[in-house]
1. Which of the residues that make up segment 66-87 are touching a helix residue (DSSP H, G or I) at 6+ places or on another chain (Cβ under 8 Å) and part of a strand (DSSP E or B)?
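The values are calculated or read from the model by the stated rules, or taken from the named source; none is laboratory data. For clarity, every value in this text was computed on a predicted model and none was experimentally measured. Cβ placement follows ideal geometry from the backbone for every residue including glycine, while neighbour counts extend to all protein chains displayed.
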Amino acid sequence: MKHPFRIVPILAGISGCHTSVPIPSLKDYLAAHQPAALVVQLLDHSVERVAHPRIANDSLIGVVHDVPSVTLLSHIRTAEAVVPSPEKTVELISGAVAAITLGVFAVVVSRTPEETCPHGTCSSGDTMGLARDP
């Protein structure tokens, strides 16, 4: 691969960042939307991430830890939808670009003239000002 860092923004854009938003009415929300996952807090204060959620009668049906799960709606204290967050994705990509840029800058600045011009054979224009003065 000629430029391996080109894939970083692509992967970050594809995967993206997610956030959870509170759902006031679970039945109404699932009737109008089809989220990939929900985060629910049960009455015993445990928290579960439910993938592929749907409502059937008085139950929330989905997948928890790769196992099919059925939870009574009356046992759910709160519910949040897991949704894409474009703002967080932009922050992630910006941070990655800044970190790579600073890393490259630190490597370039930390080079000594001996590493850049072995045996002092470089002309002053070849090393971006790092060559030895005669």
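1. Residues satisfying the conditions are Ile76, Ala79, Ala81.
Conditions tested, residue by residue: (1) under 14 Å from Leu38 (Cα atoms); (2) modelled with pLDDT of 70 or more.
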| position | (1), (2) |
| --- | --- |
| Ile61 | yes, yes |
| Leu72 | no, yes |
| Val82 | yes, yes |
| Cys117 | no, no |
| Ser123 | no, no |
